[in-house]
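The values are calculated or read from the model by the stated rules, or taken from the named source; none is laboratory data. This one's a predicted model, so the numbers in the text were calculated from it and none came from an experiment. Glycine also receives a Cβ, built like all others from the backbone with ideal geometry; neighbour counts cover every protein chain displayed. Note: accessible area is taken over every heavy atom of the protein model, side chains too, but ligands, DNA and RNA are not part of it. Shrake-Rupley method; radii C 1.70, N 1.55, O 1.52, S 1.80 Å.
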Amino acid sequence: CLDSKGVVHEFGSKWKSGDCMNCSCDRSGIECCSSVAKPSIYDEEKCEELFNKETCTYKVVEKDDHSKECPVHGWVG
């Protein structure tokens with residue numbers, strides 16, 4: 001399989017792309033899906049989401065004080 005960056009992957013291989021996607025290759029081609037769970041239910045007036053590209057994770061913190069995390073009641077992804 002040849003990915004969008006021109007890298008060849010063997011049939012049966014799996015990898016995580018640089019944009020937080022889990023990918024696999026088989027004889028029918030490449031299949032990728034997001035490995036990121038995104039917060040969906042939290043106090044959006046008081047809080048904001050921050051994305052860490054290195055760990056492919058979100059954290060929800062208070063807008064005025066990023067050291068304080070906010071409760072999240074739902075995730076999608």
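See the values below:
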| read-out | value |
| --- | --- |
| Sparse-neighbour loop sites [GluC sites (Glu not before Pro); the chain; at most 12 other C-beta within 10 Å; DSSP] | Glu10, Glu44, Glu45, Glu54 |
| Karplus-derived HN-Hα couplings along the stretch 66-77 (A = 6.51, B = -1.76, C = 1.60, θ = phi - 60°), whole Hz, x at Gly and Pro | 5, 7, 9, 7, 9, x, 10, 10, x, 9, 10, x |
| Positive minus negative residues near Glu62 (Lys, Arg vs Asp, Glu; Cβ under 10 Å) | -2 |
| Residue range of the chain that is longest and free of trypsin sites (Lys or Arg not before Pro) which are both DSSP loop and sparsely packed (at most 14 other C-beta within 10 Å) | 6-26 |
| Neighbour-limited loop hits for chymotrypsin sites (Phe, Trp or Tyr not before Pro), the chain (at most 11 other Cβ within 10 Å; DSSP other than H, G, I, E, B) | Phe11 |
| Debye, to nearest 20: dipole size of the chain, +1 on Lys, Arg Cβ, -1 on Asp, Glu Cβ | 380 debye |
| Heavy-atom accessible surface of the chain: percent carbon and sulfur, 1.4 Å | 49 percent |
| Inter-site label distance for Asp43 and Trp75 at 7 Å from Cα along Cβ, in nm | 2.2 nm |
| Charge dipole of the chain about the Cα centre (unit charges at C-beta), most positive-ward option of His73, Val8, Cys47 | Val8 |
| Accessible surface, the chain, averaged per residue in Å² (probe 1.4 Å) | 74 Å² |
| Isolated Cys residues of the chain, judged by Cβ distance under 4.7 Å to other cysteines | Cys33 |
